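Accompanying notes for the structure given below.
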Amino acid sequence: MKNISINLKSFFEFSGKMLELECVYGEQLLNRSIQEAVLNRPGLALSGFQKYFAKDRIQVLGMAEYAYLRNLNGEDRRNALTDFFKHRFPCLILARNRKALELAGEFAVLNFSHAGPSRPGWAAPPA
């Protein structure tokens, strides 16, 4: 794995325009660094398997993760998201934001509940 060091502000300024990302929370944390130049889809972590969670990577929630989370009852979804947000990953990208908005309130509440906002969150435009 190639280690890099780029701050989130630079990443957001460069990639955010191309990907039409909007920073939806955590703008004050854009000085944090990305250490790995790879994205992670955290489906396994959300389902409970977190042994090899890629905490140094940008996390991307897409249609599969949304579908899984929507299938969970409220308590199980909160538990899955609470465990997910305990990791100190650099940031979270909510792909296909029309689906993300259904769960965004829970993301924000749980993200902020772990010692304040611990990472920025970005939303991508609808697919």
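Taking only region 37-77 into account, find how many residues are over 28 Å from PHE12 (Cβ atoms) and of a type outside the set (S, T, N, Q). Outline the logic, then answer.
Step one: filter region 37-77 for residues over 28 Å from PHE12 (Cβ atoms), giving 47-49, 51, 71-76.
Still in the list and also of a type outside the set (S, T, N, Q): 48-49, 51, 72, 74-76.
Qualifying residue count for the region: 7.
Looking at ARG70, is it at pLDDT 85 or above, within 23 Å of SER5 (Cα to Cα) and of a type in the set (Lys, Arg)?
Working: at pLDDT 85 or above: yes; within 23 Å of SER5 (Cα to Cα): no; of a type in the set (Lys, Arg): yes.
When the stated conditions are applied, ARG70 does not pass them.
Kindly list, by first and then second residue, each pair from a residue in region 31-60 that is closer than 24 Å to GLY16 by Cβ and at pLDDT 85 or above to a residue that is surrounded by 15 or more Cβ atoms within 10 Å (Cβ to Cβ) and among the small types (Gly, Ala, Ser), limited to pairs with Cβ atoms under 6 Å and residues at least 6 apart or on different chains.
Cβ pairs passing all conditions: ASN40/ALA54; VAL60/ALA95.
How many of the residues in region 1-53 are within 23 Å of MET63 (Cβ to Cβ), under 15 Å from the mean Cα position of the chain (by Cα) and among the acidic types (Asp, Glu)?
1
Tally time: how many residues in region 14-25 are touching a residue at least 40 places away in the same chain (Cβ under 8 Å) and out of contact with any strand residue (DSSP E or B) (no Cβ under 6 Å at 6 or more places or on another chain)? Outline the logic, then answer.
Just the residues of region 14-25 that are touching a residue at least 40 places away in the same chain (Cβ under 8 Å), to begin with: 16, 19-25.
If we keep only those that are out of contact with any strand residue (DSSP E or B) (no Cβ under 6 Å at 6 or more places or on another chain) too, we end up with 16, 19-20.
Of the residues in that region, 3 qualify.
The values are calculated or read from the model by the stated rules, or taken from the named source; none is laboratory data. Predicted model, so just to flag it, every value in this text is computed and none were measured. Counting neighbours? That spans all protein chains shown, and the Cβs are built from the backbone with ideal geometry, glycine included.
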